[in-house]
1. Just the Kirkwood number for region 1-138, please: inverse of mean 1/r across all distinct Cα pairs, in Å, one decimal.
2. Normalised by the residues of the chain, what does the relative contact order come to in percent, with Cα pairs under 8 Å and at least six apart?
3. Going by average Cβ neighbours within 10 Å, how do the peptides 14-20, 206-212 rank, with the highest at the top?
4. How much accessible area per residue does the chain have, in Å², with a 1.4 Å probe?
5. Quick one: which residues, 5+ away or cross-chain, put their amide H under 5 Å from the amide H of Leu218? H built at 1.01 Å from N.
6. Return one quarter of the surface area of the convex hull spanned by the alpha-carbon atoms of region 102-223, equal to its mean projected area, in nm².
7. If you take the charge dipole of the chain about its Cα centre, with +1 on Lys and Arg Cβ and -1 on Asp and Glu Cβ, which of Tyr376, Thr315, Pro67 is farthest toward its positive end?
8. Can you list the DSSP H helices in the chain whose Cα atoms extend at least 18 Å along the helix axis and whose mean Kyte-Doolittle hydropathy is -0.5 or higher?
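The values are calculated or read from the model by the stated rules, or taken from the named source; none is laboratory data. Since the structure is predicted, the reported quantities are computational estimates derived from the model, not experimental observations. Glycine gets a Cβ as well: all are built from the backbone with ideal geometry, and neighbour counts include every protein chain shown. Please note that ligands, DNA and RNA were not included when accessible areas were found on the heavy atoms of the full protein model with its side chains. Shrake-Rupley method; radii C 1.70, N 1.55, O 1.52, S 1.80 Å.
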Amino acid sequence: IALPLCLAISLASGYPAIAGVFTAIIGGVVGALLSNSELTIKGPAAGLIVIAIGCVTEFGFTGGQDPAADMAAYRLALGVGVAAACLQIAFALLRTGVLGEFFPTAAVHGMLAAIGIIIMAKQIPVAVGLNVGGEPLELIREIPTTLAHLNPEIALIGFVSLSILFLKPLFKSRWIKMLPGPLLVILVAVPLGMLFDLTEDHTYTLSGHTYQVGEQHLVNVPFNMLSAVTFPDFSGLLRPFAWKWVAMYALIGSLESLLSAKAVDLLDPWHRRTNLNRDLLAVGAGNLLAAFVGGLPMISEIVRSRANIDNGARTRFANLFHGLFLLLCVALLPAVIHRIPLAALAAMLIYTGFRLAHPCEFVHVFKTGPEQLLIYVTTIVAVLATDLLIGIGIGIALKIVIHL
């Protein structure tokens, strides 16, 4: 489950594909050594994609049009990641883990739902073979146009991948249930990519229209992992706007990590409790190391943690082996990873985004109380219209107004 998701989250964040794998490897080792959270898996999370892509974009990320500018933006974002990690370590040493209890649940869930909507809006063009940028509301408005100009071969891979993820729960076969959805997607999408000969740049004609496909539709990973290690550039911290991203990484990442750790504790069959300050220290230390070698920010990740529990994990050494197996995968199988179509990874992220913004969540929040639904919807709209920090701030302000 982790390998394709790490690759997908990295690319959606404007980082090289390998960055998310670096993070998961470091998260597995550092999390197992420093945290007492027995069942959480540490790694890159879809919830931080919006912050990551916003940060590199403000530093001049061009989406592949200017590789030199993209590399510079990536290194500047790593500098921001180091500063945010130091702030997280300070949070842990000041024992602020308890503050996770005071954030209104409806506002946090609204933030996650908004992130889900943004992820879907940004990944739909990738799933149909297009490279489209813009603000979230603009991307949502352009979805019909995007679908009208899709690349049929790439869109077929994206559609089949998405169908597998949505339809898998309907199959009762024990063998199908044993295989994780992302793994099934890879097993189908890689042969489709080979059928369409995506390793060779070429054109094809369908219904009078000519389309171009090639290696740009496949994951690009280095065949020597050590050559991908990238060091941060701290000069970006001299720019005032960089500290906005430092604050967002530290606050949103810490909050999401604390909430995930608490959620996993509720699922623990042995009813063990995580020391939230210690877990936050592990996340901060992991982020510090990851940013120094070119990795994405990490949190205690709920989807992989749930899979960890469902597959019989008992101690935090499951997290350690998760990191070590990813290390072996990337070191030994880069040619296989290069065969994965980007459309398949985009489909996984669309599915993840849908789960974050699931329609049932609106019903659940409404049953908690109509005022909670108001906070939830207001936070979603505010995040889509502004950004994460302002959006959740508006949600918290509304909560205070309702209390008053």
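1. 16.7 Å
2. Relative contact order here is 36 percent.
3. Put in order of decreasing packing, that is 14-20, 206-212.
4. Per-residue value: 45 Å².
5. Placed amide hydrogens put Leu342 under 5 Å from Leu218.
6. For region 102-223, the mean projected area of the Cα convex hull comes to 11.7 nm².
7. After comparing all options, I get Thr315.
8. Span-like helices here: 18-34, 67-93, 105-127, 152-167, 181-195, 242-267, 276-293, 317-332, 342-356, 370-385, 388-403.
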